[in-house]
Amino acid sequence: MSKAAADLRDRVTFWSGKLRVSPRIIRIYPMRRKWGSCSSLGTITLAIDLSAREPDFRDFVIAHELLHLRYPHHSRLFKAILTMHIPKWRALDLTR
């Protein structure tokens, strides 16, 4: 496993504990169109080049995807909990 993938996995572990969620599988792959995704079966997939982005942005993407394990849609509750943990997430919310 590359250092970039290991670093992303470490952040997923940190945020999983903080958000009290447990992804079934964590995958780190090259992705062209998205920074991350969460499947309905509990698989979190992150773009390997996310590791090269600034820490606040990485944490935003990771927390965002992990929250989808509890809240599948971008509901008001989803956004409120994301704001509790990443107050400046709207400024970080960039599309790929």
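When you scan segment 13-36, do you find a residue that is β-branched (Val, Ile, Thr), part of a strand (DSSP E or B) and either without any contact (Cβ under 8 Å) to a residue 24 or more places away in the chain or open to solvent by 70 Å² or more (accessible area, probe 1.4 Å) (or both), even just one?
Yes, the conditions are met somewhere in segment 13-36.
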Inset, instruction - State the number of residues belonging to segment 52-77 that are farther than 19 Å from PRO23 by Cα and assigned to a helix (DSSP H, G or I). - result: 6
Legend entry - Single match in ALA47, ALA63 (criterion: closer than 18 Å to ARG27 by Cα, crowded, with 20+ Cβ neighbours inside 10 Å and in contact with a strand residue (DSSP E or B) (Cβ under 7 Å, 6 or more places away or on another chain)): ALA47
Legend entry - Close pairs (7 angstrom Cβ cut-off, 6 or more residues apart or separate chains): under 20 Å from ASP49 (Cβ atoms) and outside any helix (DSSP H, G or I) in segment 78-96, at pLDDT below 95 and open to solvent by 50 Å² or more (accessible area, probe 1.4 Å) anywhere: ARG96/ARG33; ARG96/LYS34
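The values are calculated or read from the model by the stated rules, or taken from the named source; none is laboratory data. Just so we're clear, the structure is a prediction, and the values are computed from it rather than from any experiment. Note that we place each Cβ from the backbone using ideal geometry, even for glycine, and neighbour counts take in every protein chain shown. Quick note on the areas: whole protein, heavy atoms, side chains included, nothing else; ligands and nucleic acids left out. Shrake-Rupley method; radii C 1.70, N 1.55, O 1.52, S 1.80 Å.
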